[in-house]
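Trainee: Below is a structure I'd like to ask you about.
The values are calculated or read from the model by the stated rules, or taken from the named source; none is laboratory data. The model shown is predicted, which means the values in this text are computed figures rather than measured ones. No Cβ is skipped: glycine too gets one built from the backbone with ideal geometry, and neighbour counts run over all protein chains shown. For accessibility, only protein heavy atoms count, side chains too; no ligands or nucleic acids. Shrake-Rupley method; radii C 1.70, N 1.55, O 1.52, S 1.80 Å.
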Amino acid sequence: MRYSEMHLPTAREIPSDAEVTSHQLMIRAGMIRKLTSGIYSYLPLGYRVIRKVEQIVREEMNRAGAQEVHLPMVQPVELWQESGRWIHYGKELLRFRDRHEREYCLGPTHEEVITDLIRNDIKTYRQLPRNLYQIQTKFRDEVRPRFGVMRCREFGMKDAYSYDADEAGAEKSYEKMFVAYNNIFNRCGLKFRPVEADSGSIGGKYSHEFMVMADSGEDAIVFCEKCAYAANLEKAEIGEPEKKNIAEKDWLSLESVHTPDACTIEEVSAFLKVKPQDIVKTLIYNADGKSCAVLIRGDQDVNEIKVKNYLGTAELELADEGMILKVTDAPRGFAGAVKINTRVIADYSVMNMINFVTGANKQDYHFKNVNIGRDFNVEAFIDLRVAQENDSCPRCGGKIKFARGIEVGHVFKLGTKYSKAMKAAFLDKDGQEKIMIMGCYGIGIGRTVAACIEQNFDENGIIWPMPLAPYQVIITPVNINEEEVMKASESIYASMLACGIEVILDDRDERAGVKFKDADLIGIPIRITVGQKNLAQGNIELKIRKTAENRLYPLQKIVEEVKALIDQELNPAA
RNA sequence: CGGGGCGUAGCGCAGCUUGGUAGCGCGCCUGCUUUGGGAGCAGGAUGUCGCAGGUUCAAAUCCUGCCGCCCCGACCA
């Protein structure tokens, strides 16, 4: 394409409302424009990159045996009532009515629609397994859209759904997707890692998130220094510590102390001159309307997802003043497990503590020398805390480290959550009607593009890896008014087009500096510079965006050199 | 939803405290010169100052309400 004819509005200045690098660069490079909060238009350059990702996704999904479909974005209320999500999905689901006052929503995901499709057309085990996918626009009414296309409301997503006759089959389907996802993100040239994830309210046995490593990532992930264990922080397990023998003779006698206005761990620890590690924090939770006390060591934080999973509740939040008063007989800040009026669960961190401090369930009082077994009992010791750096690995005992990532893909083993609710059944070999077992698999297309930029940029702009580059080459005639220069440029351009290279000819009547800056900003991997001096020697200059490496080639050789370079970048293994 | 900030030319911003003919840089248009890392000179175009109401002789500026956008938090298949 000739630059002079391209719709490629680049900007020198950083837009004031863009915070993260990828967002700033996507706007400056003329890839996207914001229409309104969380809703973006893709311009030609941006859309080309989107299509590159989509193509890689398509090829790998097809290779894994999935088949592409295209499902409606507007979905009727009935399906969502059937699955139960009309109530449970919450405000992220954008709902509206048509002229007949019938209710609909914009699809944030497609389990309902696809399960409806499948249940109507699949009757026998002979038709299983199936894996159908689509690449489509989703809408989720995010509370707070941010970071450009990274967390927006309208976005492109590849979503796949597998249906199997039995557990073993479902397992296999999951494995296939896991492999396909690794292939996809490898081909995109991304540094990523799959991590274990919480399967959340969608249910299901287990799930993995594919995280692109980036300091700007929204997700905290943990990984083991020694083994392959990696998990989302909210999922990161903590192994059960060894139970120490606590000698009852070491128990000191329980003591009530006056601690006026000392509510927080910091205040209590400062007031009583004890370490936070010697205090047991007692948090009162409201779990679906019922109270529950969670005990944890003072220097640790509760991982509410773990509490939620243990209790098996739909909703979990810290109790309000009223519930705390009911449970502890005291205002907030003085809760303790001694004579508390609710069930009590404790994190492993509390298991081996002796003579610790807790609230006394009385305003302005705490207990010292509290001991489990004598002063109160707990229902269970379980893993309830947020993992910390240098914790020991739950698999091998090695050290846990932290990193940040951007979630670009997610694979879920769904089980029968939707197929059961929506009666997606089939007739098995034995003539019995059985429920299909599902998996679902998502990839954020736009987010993958943004994540790629987060990993590949410098002070001059984007640095596309070859597989995602909107164009592979940009030809820069230093001065279009010099006849020889233009003649050579045109001829290289024509040859490149002829052998299928994706190339821009920067035929604008701009000074060289302007063209170089734009080429760098939009991140084209290979720049061909045609200038009078080198041309006089019969030479053409090739510059690699990523390394800033400069090479000279004879005019006759340049196209084949470029072609070879591109092929090598696209198939690094070969 | 709680807290904070912002809204003035396409983009980035000043002006607002103390009301009095709307400015700067970049970009854009014309001409000349220049031509290997965002050129120089000269000339030029572009604004319902987010919207609505109020105070005032007079409002970008003061007051009230609304809308939008961004950040932090809460939330997040």
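Trainee: Enter the accessible area of A:SER4 (Å², nearest 10), with the probe set to 1.4 Å and all protein chains included.
Mentor: 70 Å²
Trainee: Within region A:88-134, report the GluC sites (Glu not before Pro) that DSSP leaves as loop and that have at most 15 other Cβ atoms within 10 Å.
Mentor: Qualifying residues, ordered by number: A:GLU101.
Trainee: Return the FRET efficiency for the residue pair A:LYS123, A:ALA498: r is the Cβ-Cβ distance, R0 is 35 Å, and the value is rounded to the nearest 0.05.
Mentor: 0.10
Trainee: How about region A:270-376: which GluC sites (Glu not before Pro) there lie in a loop by DSSP and see at most 13 other Cβ atoms within 10 Å?
Mentor: A:GLU315
Trainee: Measuring with a 1.4 Å probe in the full set of protein chains, what accessible area per residue, in whole Å², belongs to chain A?
Mentor: 47 Å²
Trainee: Between A:ALA512 and A:LYS191, with labels modelled 7 Å along Cα→Cβ, what's the label distance in nm to one decimal, could you check?
Mentor: Placing both labels 7 Å along Cα→Cβ, they lie 3.4 nm apart.
Trainee: Sticking with this structure for a sec: Region A:92-112 to region A:300-344: how many Å between their Cα centroids?
Mentor: Between the Cα centre of region A:92-112 and that of region A:300-344, the gap is 36 Å.
Trainee: How large is the dipole of chain A about the Cα centre if only Lys and Arg carry +1 and Asp and Glu carry -1, each at its Cβ, rounded to the nearest 20 debye?
Mentor: Here chain A has a charge dipole of around 500 debye.
Trainee: For chain A, find the longest principal axis of its Cα atoms and tell me its angle to the long axis of helix A:111-121, 0 to 90°, nearest 10.
Mentor: Tilt of helix A:111-121: around 80 degrees.
Trainee: In addition: Extension gain A:ASP428-A:THR313, at 0.36 nm per residue separation less the Cα-Cα distance, in nm?
Mentor: Gain on extension, A:ASP428 to A:THR313, equals 38.0 nm.
Trainee: In addition: Rounded to the nearest 10 degrees, what's the angle between the helix A:445-455 long axis and the longest principal axis of chain A, both from Cα atoms, 0 to 90?
Mentor: The helix A:445-455 is inclined about 90 degrees to chain A.
Trainee: Residue separation times 0.36 nm, minus the C-alpha to C-alpha distance between A:GLN568 and A:LEU552: what's the value?
Mentor: Net length gain for the segment: 3.9 nm.
Trainee: OK, next. Take every DSSP beta bridge whose two residues both sit in chain A, then give the antiparallel share in percent to the nearest 5.
Mentor: 80 percent
Trainee: Here is a further query. Before anything else, pin down the relative contact order of chain A: Cα pairs under 8 Å, at least 6 apart, normalised by residue count, whole percent.
Mentor: 16 percent
Trainee: Next question, about the same structure. Tell me, which cysteines of chain A are without a disulfide-compatible partner by the Cβ under 4.7 Å rule?
Mentor: Lacking a cysteine Cβ partner under 4.7 Å: A:CYS105, A:CYS152, A:CYS188, A:CYS263, A:CYS292, A:CYS440, A:CYS452, A:CYS499.
Trainee: Using Cα pairs under 8 angstrom and six or more residues apart, how large is the relative contact order of region A:248-382, in percent?
Mentor: Answer for region A:248-382 is 29 percent.
Trainee: Tell me the trypsin sites (Lys or Arg not before Pro) within region A:246-345 that lie in a loop according to DSSP and have at most 13 other beta-carbon atoms within 10 Å.
Mentor: Of the trypsin sites (Lys or Arg not before Pro), the ones in loops of region A:246-345 whose Cβ has at most 13 other Cβ atoms within 10 Å are A:LYS273, A:LYS339.
Trainee: Okay, next question. How large a share of the accessible area of chain A, in percent, is made up of carbon and sulfur atoms when the probe is 1.4 Å and the other protein chains stay in place?
Mentor: Carbon and sulfur: 48 percent of the exposed surface of chain A.
Trainee: Please name whichever of A:SER291, A:ILE118, A:TRP251 sits farthest to the positive end of the charge dipole of chain A, dipole taken about the Cα centre and charges placed at Cβ: Lys and Arg +1, Asp and Glu -1.
Mentor: Positive-most Cα among the choices belongs to A:ILE118.
Trainee: Okay, next question. Going 7 Å from the Cα of A:GLU482 in the Cα-to-Cβ direction, what parts of region A:535-574 have a backbone nitrogen less than 14 Å from that spot?
Mentor: Zone members listed by number: A:535-541.
Trainee: Report, in degrees rounded to the nearest 10, the 0 to 90 angle that the Cα long axis of helix A:44-63 makes with the longest principal axis of chain A.
Mentor: The helix A:44-63 is inclined about 70 degrees to chain A.
Trainee: Dividing the convex hull volume of the Cα atoms of chain A by its residue count, what figure in Å³ per residue is obtained?
Mentor: Measuring per residue, one finds 209 Å³ for the Cα hull of chain A.
Trainee: A:GLU459 to A:LYS533: FRET efficiency via 1/(1 + (r/R0)^6), r the Cβ-Cβ distance, R0 25 Å, to the nearest 0.05?
Mentor: Efficiency, rounded to the nearest 0.05: 0.35.
Trainee: Next up: Under 5 Å between amide H atoms, partner at least 5 residues away or on a different chain: which partners does A:GLU255 have, H built in plane at 1.01 Å?
Mentor: A:LYS368
Trainee: If R₀ is 22 angstrom, what is the calculated FRET efficiency for the pair A:GLU255 and A:ASN377, using the beta carbon separation as r and rounding to 0.05?
Mentor: In this case the efficiency is close to 0.65.
Trainee: Still on this structure, I have one more. Projecting each Cα onto the charge dipole of chain A (Lys/Arg +1, Asp/Glu -1 at the beta carbon, about the Cα centre), which of A:VAL449, A:ALA168, A:VAL485 comes out farthest on the positive side?
Mentor: After comparing all options, I get A:ALA168.
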